[in-house]
1. How long is the gain from E122 to V138 if the chain were fully straight, where each residue apart is worth 0.36 nm and the alpha carbon distance is subtracted?
2. What number comes out for the charge environment of P133, summing +1 per Lys or Arg and -1 per Asp or Glu over other residues with Cβ under 14 Å away?
3. Which of rounded, prolate, oblate describes region 25-142, given a ≥ b ≥ c as roots of the alpha-carbon gyration tensor eigenvalues and a/c under 1.5 marking rounded, otherwise prolate only if a/b is larger than b/c?
4. Test of understanding: ordering K84, K118 by Cβ neighbours within 10 Å, fewest first, what list do you get?
5. State the antiparallel share, in %, of DSSP beta bridges confined to region 25-142, rounding to the nearest 5.
Amino acid sequence: MYLTLAAVILNLSACDFMSDHQSTDEVAAHNAWVRATPPGATTSALYLTLNNPTDQAISLVSISSSISDRIEIHHTVTEEGMMKMRPLDNVDISSKSTVELAPNGIHGMLFDLTQPLKEGGELNFELNFASHPPITLVAPIQKGSPSAIKH
Ligand SMILES: [Cu+2]
């Protein structure tokens with residue numbers, strides 16, 4: 001009887017460990033926000049932090065949203081002293097690492113917005129990965145500091 005009980009207790013603690021393990025060990029997007037648009041603008045940008053605590057490298061390959069049929073992944077490069085944006089095919093996030101999509105760095109570029117982005121609203125996005133299920137997120141619309149980069 002004593003042995004059986006001990007086995008049950010061991011089993012329970014193994015389950016607890018598993019659920020803890022899962023909740024802290026998943027790919028996740030944090031601090032997402034999308035830039036509010038000035039009057040007449042039809043482009044904007046999405047910023048966020050992607051954390052990959054898993055043992056596998058992952059690769060962000062596309063971003064989708066109902067607000068735009070054309071969302072590209074961009075990075076910012078300096079060419080001949082000028083900051084310019086260039087499309088990226090994907091963003092690799094190594095095992096146990098974090099990548100920031102931030103102003104003047106990598107960002108999701110939203111073209112042909114179907115409506116203006118007003119501060120205080122929020123938008124849904126889906127991040128699509130190679131070899132990892134999509135992640136959905138809600139990004140608040142905020143006024144950021146004006147970007148030095150023009151399209
Ligand atoms: Cu851009």
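1. Numbers: separation 16, 0.36 × 16 = 5.76 nm, distance 0.65 nm.
Answer, rounded to one decimal: 5.1 nm.
2. On the way: positive: none; negative: E26, E126.
Taking every other residue near P133 into account, the sum is -2.
3. Verdict is oblate for region 25-142.
4. Numbers: K84 14, K118 9.
Exposure proxy ranking, most exposed first: K118, K84.
5. Details: 41 of 43 bridges.
Here the antiparallel bridges make up roughly 95 percent for region 25-142.
The numbers here are math on the coordinates, done by the rules we state, and not lab data. Fair warning: this is a prediction, and the values are worked out from it, not measured in the lab. Ideal geometry is used to build each Cβ from the backbone, glycine not excepted, and the neighbour counts take in all protein chains shown.
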